[in-house]
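Heads up: the structure comes next, in structure tokens.
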Amino acid sequence: MGKTQPIRNKKDIQKLKQYYLDRQQIRNYTMITLAVNSSLRIGDLLRLTWNDVYDFDAGRYLKHIELVEQKTGKHNLIALNREAVLALGQLQKAKSPRPGDYIFQSREGTNRHIDRTWAFRIIKNAVSDLHLEGSISCHSMRKTFGYHAWKSGVQPALLMSIYNHSSMEITKRYLAIDQDDRDKVFMKMNL
């Protein structure tokens, strides 16, 4: 078993999201979309309720998800981007949730969120059916966010802050810099 990797190809991210959208499994589509757009660990993502993303009194989505991370106990403020809001909107329309409902509800019990094992299966089933390469799991969604942010020019120090990492070494591992990335630097220089 290899180390969890980000999804490097943007087309593969779209295929992964589309896999559940095509099957009308909006909860799973939304989970993947929110995961790759928020940088949240799966445990924090699954614990989100509609109150965390939607202002029911004003009838609009919040600008930020505000939470204390389960693993680190650190405060985090995450902006909700267009893709995240669109996916949440589809799920909200399909489910008509109440304010305290979990976003990613389990079918078992009353107002229980899916567990980490089920989230892992959701991702692994799609990855397997789509024949996506690499070791892709729930944590890959978090790494995918950082990898593509870094590729678009975001400085690693800012990603370290976004991830609430305690060291740059941890952030560097998340970026999954491989030999192709290193080669591009050398080929671009031509001094």
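Structure values in brief
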| item | result |
| --- | --- |
| Angle between the chain longest axis and helix 10-22 axis [Cα atoms, degrees, rounded to 10] | 20 degrees |
| Cα-based reach from LYS172 at 18 Å (exclusive), listing aspartates and glutamates while leaving out same-chain residues under 8 positions away | ASP180, ASP181, ASP183 |
| Span from the the range 1-32 Cα centroid across to the the range 167-191 one, whole angstrom | 25 Å |
| Hz values of 3J(HN,Hα) by residue in the range 144-160 - Karplus curve (6.51, -1.76, 1.60), Gly and Pro given as x | 4, 3, x, 4, 6, 5, 4, 5, 8, x, 5, 5, x, 5, 5, 5, 4 |
| Distance between modelled label sites at LYS3 and SER166, nm, 7 Å Cα→Cβ extension | 1.9 nm |
| Mean residue ellipticity (222 nm) of the chain, computed from DSSP H runs ≥ 4 via -39,500 (n - 2.57), nearest 500 | -16000 deg cm²/dmol |
| Charge dipole magnitude, Cβ of K and R +1, D and E -1 - the chain, Cα centre, debye nearest 20 | 200 debye |
| Extension gain, ASP55 back to ARG82 (0.36 nm per residue minus Cα-Cα distance, nm) | 8.1 nm |
| Cβ crowding within 10 Å averaged over residues, with 58-70, 177-189 ranked highest first | 58-70, 177-189 |
| Under 5 Å, built H, 5+ apart or other chain: amide partners of TYR54 | LEU62 |
| Reachable lysines, given that their alpha-carbon falls under 26 Å from the alpha-carbon of LYS63 and they are not under 8 places away in the same chain | LYS10, LYS17, LYS71, LYS74, LYS93, LYS95, LYS143, LYS151 |
| Signed unit charges on C-beta, dipole axis of the chain, positive-most listed residue SER39, ILE170, ASN9 | ASN9 |
| FRET efficiency, ASP101 to LYS11 (Cβ-Cβ, R0 30 Å, nearest 0.05) | 0.35 |
| 17 Å reach of a label modelled at ARG47, 7 Å along Cα-to-Cβ, counting backbone N of the range 4-37 | 35 |
| Backbone N under 13 Å from the ARG23 label point (7 Å along Cα→Cβ), restricted to the range 129-160 | 129-131 |
| Full-stretch length increase - LEU130, HIS64 - with 0.36 nm per residue and alpha-carbon distance subtracted | 20.6 nm |
| Residue-wise HN-Hα coupling along the range 79-89, computed from phi with Karplus coefficients 6.51, -1.76, 1.60 (Hz; x: Gly, Pro) | 6, 8, 8, 4, 4, 5, 5, 4, 5, 4, x |
| Share of pairwise Cα separations in the chain, more than 27 Å, in percent | 30 percent |
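Here, each number is a calculation from the coordinates, and none is a lab measurement. A quick note: this is a predicted structure, and the numbers were derived from the prediction, not measured. Because the Cβ atoms are built from the backbone with ideal geometry, glycine has one as well, and the counts that use them run over all protein chains shown.
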